[in-house]
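What follows draws every value from the coordinates through simple rules; no lab data is involved. On a predicted model such as this, the values are computed, not experimentally measured, just so you know. Note that each Cβ is placed from the backbone with ideal geometry, even for glycine, and that neighbours are counted across all protein chains shown.
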Amino acid sequence: MSIVTGAPEGTTRRAKRLRSTPEEARRLILETAQSLIASTGPEGLRLQDIAAGAGISHSLILHHFGSREGLVRALTRQAVAELRDKLVAAIASGESLVEQQLDRVFDAFRDGLAQRLAWLATVDSGGGAEGTQMILRDIADRLHARRLAAAPPDAVIPRDDTDSLIHLVAAAAFGDALFGAQLHRSAGLPVTSETDRGFRRWLAALIRAHSTQKEG
């Protein structure tokens, strides 16, 4: 019995379900699934656990996503879109220092996003690949336009050079978010924010020297 409404608990829950819009239901399912992934990894993607955590029926998940695979694809698209938004913001930030731009790019992969993308890749080997490729292509387009605008009129900056820079930075940021602490320990380095900053400064100097050579 509900203390607030005087109705049985099951009736109250069913009423809440009826009032939920399809968008709200999808968002609730995705948020619950994302929380389970964060706490348990890919093995947390069991529909019965998601249904229990969200307080909904197993059939409602199937109604909105069709299958576990459909839910995984939706989670992958969500994670890819989140990464894209963060990377676009980093490129569009207007910060001129390479160090500042690298900070924003590395931070984009933090807060569990890199882990989520990696875990989802283990259960959806192809579903997010195309979306991730499109992200990097979009980011490369934006960065290449900025490099051309900032370069001297007679400078020649090949597009594949920008693509390689994007690949280098994305691989470094993604790997750092996943294994940075372990790699620091294996190299005998302290696991501190100063170690992180030191690596980013080194990478920034490498990129700056390379860009100066290309644009000079």
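Worth a mention:
- Count - residues of the range 162-216 that are more than 30 Å from Pro152 (Cβ to Cβ), outside any loop (DSSP other than H, G, I, E, B) and of a type in the set (A, V, I, L, M): 4
- Qualifying residue in the range 181-198 (condition: in contact (Cβ under 8 Å) with a residue 24 or more places away in the chain and more than 17 Å from Leu102 (Cβ to Cβ)): no
Condition check ((1) closer than 26 Å to Thr122 by Cβ; (2) in a helix (DSSP H, G or I); (3) not small (Gly, Ala, Ser)) across all residues:
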| site | (1), (2), (3) |
| --- | --- |
| Ser59 | no, yes, no |
| Leu62 | yes, yes, yes |
| Ala81 | yes, yes, no |
| Asp85 | yes, yes, yes |
| Ser93 | no, no, no |
| Gln100 | no, yes, yes |
